[in-house]
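The values are calculated or read from the model by the stated rules, or taken from the named source; none is laboratory data. Fair warning: this is a prediction, and the values are worked out from it, not measured in the lab. Here the Cβ positions follow ideal geometry from the backbone for every residue, glycine too, while neighbour counts run over all protein chains shown.
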Amino acid sequence: MAQSKNIRPLEMQVGGHKGVQQSGEGDLIMKPCLPAERDFYQAIAADERLAALRPHVAKFYGTLRLEGQVNAEGAPGGELGADQLRELGTVLYDDSASEEKKLRMEKAAKDTTSFETGVRLTGFSVYDPSSFTYTVTPKEYGKSIKAEQLPEGIARFFPETVPREHLLRVLGLVHDKLVEIQQALAETEIRMVAGSVLIVWEGDPKALERAIQTLDEGRDVLEESDDDVDDEAEVNENDRKPGPVYLIKLIDFAHTRLVPGQGPDESLMIGMGTTIKLLEGRIRELRRSGSTQDLSTANVIVGASSGTSDIVSISVFGQTIVVLNSAKSANELLEQRVDWGKITGLLPYGERWRAQRRMTHLSLHKGASREFWPLVVKQARFALRRIADNPDRFIREIRRMSGSTLLSAVYGYEVTSADDPLVEIVETALDHLCEAAIPGNFLVNVMPWIRYIPDWVPGSGWKKTVDKWRKEREEMVDVPFNYTKQQIASEQAQGIAPHSVLKGLLTKLESELEAGDEYAEQEDRIKWVTATLFGAGSDTSAATTSVFILAMVLNQSVFARAQAEVDAVIGRERLPEMSDRGSLAYVECVMKEVLRWQPVVPLAAIPHAVVEDDEYRGWAIPKGSTIIGNIWAISYDETIYHEPEQFNPDRFLDPETQAPPAFGSCPGVHLAESTLFVMISTLLALFDIRPAKDEDGSDIIPEVNMKANALVSYPADFRCSITPRSEKAIGLLNASILEA
């Protein structure tokens, strides 16, 4: 603990409150703190409703009395060369504020970037290695600029004063951490009025190189201690422990409070979304003149697609990674290259992979999928009935619909409530599977040998997370499988188990084999086939439907044209059926453009590993190389799609325009397309989809911001208006549900 005689004003402070102090080595920071803020820090440690925020808030050590009550916040020691305080939120006053203060703070928000973007830069300093000094950008700068100048501010804070590859590494890490914080905030029901996010990164080139090396070695400098070094002892710079590459913490909780039942802070989420988008813009800007080894989803997408080659090879710690940016190279090279695991898409190429693929095609080929059409229609209409009652929960209801449809089709399991325990099990496991599958998230994805490192080795903490996720995955696979087996056993005794993919496969197995080792092996394959069918379709169908709604909000002329086609073909006296699909040509084009415009699996599902040395178009591809198909780049190939950034279904009216290619043949494609068609066509028939309105009655235009760093990419939360077209429309929907 720092001695009081070593406490002094915080060095390099350019924003925030006055009176902030530090210990001699800067390993503790102390700030003046209102009682409400102190209480909130204490609540974070004890209240489970705030558990998601704990990793992202400075550690609270307690209170001291120096020249008044102050709050001690932990900060890492070591070399930290640049810092920034970024104020978040579009509303800068608490509900309890006086009318005079509300008017004053509202004017301050509108006069700066806060009101429009949810972000204001509040001052920062950046180390200049050429002069060994700090370049200070005062808080007045953040108050003076307009929204369109924010990228300039980000460039000021992340200048090329360090090697570009190191700067891009920093940006990638900061981006991914902010996405993680954004997700934690989305799970927390608070109002964080005038809160801030503190971003600190190592601006000294040599110190940054040491910090990155330490990070790559798996050492966590925040967990290491200098307690054995006397506070007043002089430390040789070469012996000083490296600081972290970066540090990000949420701060300023003076006006933060819990709001149970009211959902996350929308104002705060807008600010986080803006900040993430600004970082992605800086990454793109830097990548135009260079490349990097950072492999977060966002960086692979915006980076690998910007070169001139349709094949990009990079090396990460000796592991060759090949990124395919064209449909031609992806289809040719991925068609027969394969993977790892028991999920069919993760299996190494071999007899088990072929057997599971055969089972999958047997269950969901085009003809077999037709048997599930009534189920798809039923679940879609149930979901739309719930959306009519709770339009603000449309994303949640779409996810529930997608999961319910596949649970019924694959396992014969009927979801009967919004908080069905099996749905919760499955969604948790799928979320973690999607995160774990991205190459940059866990080094084990690109360096498989590190899985054999003992748990006690520093830096192996990721293994605990993976073990936890593995247990969740096993629960997702086993629970619905065992449910269906019990239903079949009950059927044999007294009842009738509903039709499902699993029932069909198990019934066929029982008719062909007696109990024994071979039976057990085939049953295990069936278990993983059905888990694959469910896992592969649930998230992607829901994410694609969410993209459709976002596209309609942003493209009202397309929405009106598609709705008019549904009215002309279907009329207003009935609801769309699967048999109508061939008559709705423009709606079909809209579906294709939704899939192309914002692909929800931006990187080819699961990375593939080459099982032997290979050669393609003169490229030598070593055995063990990881192959990633960049679906995003393929979908934005200007040689195929004119002005790919534009949402334009008309491009598919030309039969020569190819749809974004799949890699191999996705066995569940027919069921997935059926689900998407029924949801889209019925939404068009029954609802008007419009931009939401603000307090002045003006349209709120959402940004196109896909949540990155996950296998399946969803649109970031956005507001819109989904309203029934008429009482008659809802009557049709209710009548169809009663008939189901």
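Residue-by-condition table, conditions (1) free of Cβ contacts under 8 Å to residues at least 60 places away in the same chain; (2) in a helix (DSSP H, G or I); (3) in contact with a His (Cβ under 8 Å, 6 or more places away or on another chain); (4) surrounded by 24 or more Cβ atoms within 10 Å (Cβ to Cβ):
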site	(1), (2), (3), (4)
V529	no, yes, no, yes
T544	no, yes, no, yes
S557	yes, yes, no, no
A560	yes, yes, no, no
A564	yes, yes, no, no
P576	no, no, no, yes
S579	yes, yes, no, no
G582	yes, yes, no, no
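Which condition does S306 not pass, out of (1) assigned to a strand (DSSP E or B); (2) modelled with pLDDT under 85, if it passes all the others? With (1) assigned to a strand (DSSP E or B); (2) modelled with pLDDT under 85 applied to S306, the lone miss is (1).
Screening L150, L178, L167 for residues that are in contact (Cβ under 8 Å) with a residue 60 or more places away in the chain and closer than 19 Å to R54 by Cα leaves exactly one candidate, L178. Scanning region 4-28 for residues that are modelled with pLDDT of 75 or more and either in a helix (DSSP H, G or I) or surrounded by fewer than 19 Cβ atoms within 10 Å (Cβ to Cβ) (or both) yields I7, R8, P9, V20. What number goes with the only condition from (1) under 25 Å from the mean Cα position of the chain (by Cα); (2) modelled with pLDDT of 70 or more; (3) surrounded by 20 or more Cβ atoms within 10 Å (Cβ to Cβ) that V678 does not pass? So V678 meets the others, but not (1). Counting only residues that are among the hydroxyl-bearing types (S, T, Y) and touching a Phe, Trp or Tyr at 6+ places or on another chain (Cβ under 8 Å), which one in region 523-563 is nearest to R581 (Cα to Cα)? For region 523-563, the residue satisfying everything is S546.
Within region 509-540, the residues that satisfy the criterion of being of a type in the set (G, A, S), modelled with pLDDT under 80 and farther than 25 Å from V712 by Cβ are A515, G516. Would you check which residues across region 144-199 are among the charged types (D, E, K, R) and assigned to a loop (DSSP other than H, G, I, E, B) and list them? Within region 144-199, K146, E160, E187, E189 qualify. Tell me, yes or no, whether region 486-495 has at least one residue that is at pLDDT 70 or above, surrounded by 12 or more Cβ atoms within 10 Å (Cβ to Cβ) and not small (G, A, S). The answer is yes, given that some residue of region 486-495 is at pLDDT 70 or above, surrounded by 12 or more Cβ atoms within 10 Å (Cβ to Cβ) and not small (G, A, S). Being hydrophobic (A, V, I, L, M, F, W, C), at pLDDT 70 or above and under 17 Å from the mean Cα position of the chain (by Cα) is the filter; apply it to region 596-647 and report the residue that is surrounded by the most Cβ atoms within 10 Å (Cβ to Cβ). That would be I631. Taken together, the residues in region 496-508 that are in contact with a Ser or Thr (Cβ under 8 Å, 6 or more places away or on another chain) and at pLDDT 80 or above amount to 7. Working only within region 120-144, note down all residues that are under 21 Å from L268 (Cβ atoms) and out of contact with any Asp or Glu (no Cβ under 7 Å at 6 or more places or on another chain). Residues satisfying the conditions are L121, G123, K139, G142, K143. In region 541-560, the qualifying residues are those that are among the small types (G, A, S) and modelled with pLDDT of 95 or more, and the one that is farthest from E397 (Cα to Cα) is S557.
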